[in-house]
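> First, the structure itself, so that you have it in front of you.
The values are calculated or read from the model by the stated rules, or taken from the named source; none is laboratory data. Model, not experiment: these values are computed from the prediction. Cβ placement follows ideal geometry from the backbone for every residue including glycine, while neighbour counts extend to all protein chains displayed.
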Amino acid sequence: MKPETEKLRSQNPQGKDRILLNRLILEGVYYAELWWMRSWQPNAELCHPCHGLPIDRFEIIHDSKYAHIATEIANQISFVSPATVVRYHTIDWEDPWDFEKVYVALDDWVDGYRFDLDHERYLVHLVRGSDTQKICMFALVESSHIPGILVHNSPPEEAAPHGKASTVDLDLAKYDRIAARFQLRQKDAVSVLKKGIETHNVHFNKLISEIEHVAVNTNEPILLLGPTGAGKSDLAERIYEVRRKRNIVTGNFVDLSCGTIRGGYSRHLVAGMGQAAKELLE
């Protein structure tokens, strides 16, 4: 059995239906796309029995003016996998390269689609469409708005007449080498926050871990409270260093004691004296 086939089968232990979501958007590349579709049929090839991935239902999202091409793809799928049911969904794209419009259109479609996770498993095939449409579909899968995983296939070759198929689960924690990288980065960030000093204080270690989690997952300001001499400024500088390493912030860390600011120019000492600062203060 091929490794790709073994992987695909292992990801469906309960034998649930495999539903494939695919998009057919050929805006501006009709002739080239049609030629490519006839020379290599990625949708139909993915449904080929040789991959060990029986597709029970194939959902095609397409522009209404390309309904005839959607029908041709459905015929190709029926030829290699007669048991696969093909359903059509029409989205008339105002501009398939406009990120906001495309995302809103796909998000609306997802909101209206009835996902049945108790009985079905969903695969998303990013083989057709504009780059913007692929990015938006990827984002919807990554954010779990579409509760599925990505599936892709390659063109035929001598060793694989029907190409190869494999899945991509965007839960990076499931990949050992990637998870190890995340753990190493987290350990490095915690080490910076603790000045490289290992401690056995459970409460302190938990606090540092929580600070690290907040520091690397948001660029919002962090308020540190504590008595004088507790080390707030020192910790703030180390938090900044962690964020700077993650490219969350830029520039140099500035330690400013608000208690030393006096007089009518105090606000300008913080915001500056330029026109932009004046407008900001007003």
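> Tell me, yes or no, whether segment 252-267 has at least one residue that is out of contact with any helix residue (DSSP H, G or I) (no Cβ under 8 Å at 6 or more places or on another chain), at pLDDT below 85 and surrounded by 12 or more Cβ atoms within 10 Å (Cβ to Cβ).
For segment 252-267, residues out of contact with any helix residue (DSSP H, G or I) (no Cβ under 8 Å at 6 or more places or on another chain), at pLDDT below 85 and surrounded by 12 or more Cβ atoms within 10 Å (Cβ to Cβ): present.
> Residues that are in a helix (DSSP H, G or I) and over 15 Å from residue 139 (Cβ atoms): does segment 99-120 have at least one?
So far as segment 99-120 goes, yes, one or more of its residues are in a helix (DSSP H, G or I) and over 15 Å from residue 139 (Cβ atoms).
> Looking only at segment 121-129, decide whether some residue is part of a helix (DSSP H, G or I), of a type outside the set (Val, Ile, Thr) and on the phi < 0 side of the Ramachandran plot.
No, because not a single residue in segment 121-129 is part of a helix (DSSP H, G or I), of a type outside the set (Val, Ile, Thr) and on the phi < 0 side of the Ramachandran plot.
> Part of a helix (DSSP H, G or I), under 16 Å from the mean Cα position of the chain (by Cα) and within 27 Å of residue 51 (Cβ to Cβ): which single residue out of 150, 140 fits that description?
So the residue among 150, 140 that is part of a helix (DSSP H, G or I), under 16 Å from the mean Cα position of the chain (by Cα) and within 27 Å of residue 51 (Cβ to Cβ) is 140.
> Please go through (1) farther than 24 Å from residue 257 by Cβ; (2) modelled with pLDDT of 85 or more; (3) surrounded by 10 or more Cβ atoms within 10 Å (Cβ to Cβ) for residue 231 and return the number of the only condition it doesn't satisfy.
Only one criterion in (1) farther than 24 Å from residue 257 by Cβ; (2) modelled with pLDDT of 85 or more; (3) surrounded by 10 or more Cβ atoms within 10 Å (Cβ to Cβ) is unmet by residue 231, namely (1).
> Quick one: which of 128, 114, 121 is surrounded by fewer than 16 Cβ atoms within 10 Å (Cβ to Cβ) and either closer than 25 Å to residue 54 by Cα or modelled with pLDDT of 90 or more (or both)?
Going through 128, 114, 121 in turn, the sole match is 114.
> Can you tell me which residues in segment 189-204 are under 19 Å from residue 243 (Cα atoms) and in contact with a helix residue (DSSP H, G or I) (Cβ under 8 Å, 6 or more places away or on another chain)?
189, 190, 192, 193, 194, 195
> With the condition kept exactly as written, say whether any residue in segment 219-229 is assigned to a helix (DSSP H, G or I) and aliphatic (A, V, I, L, M).
no
> Moving on. Within segment 66-86, how many residues are under 23 Å from residue 52 (Cβ atoms) and touching a residue at least 24 places away in the same chain (Cβ under 8 Å)?
Residues in segment 66-86 being under 23 Å from residue 52 (Cβ atoms) and touching a residue at least 24 places away in the same chain (Cβ under 8 Å): 10 in total.
> Which ones in segment 80-107 are surrounded by 12 or more Cβ atoms within 10 Å (Cβ to Cβ) and touching a strand residue (DSSP E or B) at 6+ places or on another chain (Cβ under 6 Å)?
84, 85, 86, 88, 89, 91
> Between 55, 69, 73, 77, which is buried (at least 17 other Cβ atoms within 10 Å of the Cβ) and assigned to a loop (DSSP other than H, G, I, E, B)?
After ruling out the rest, the residue left standing is 55.
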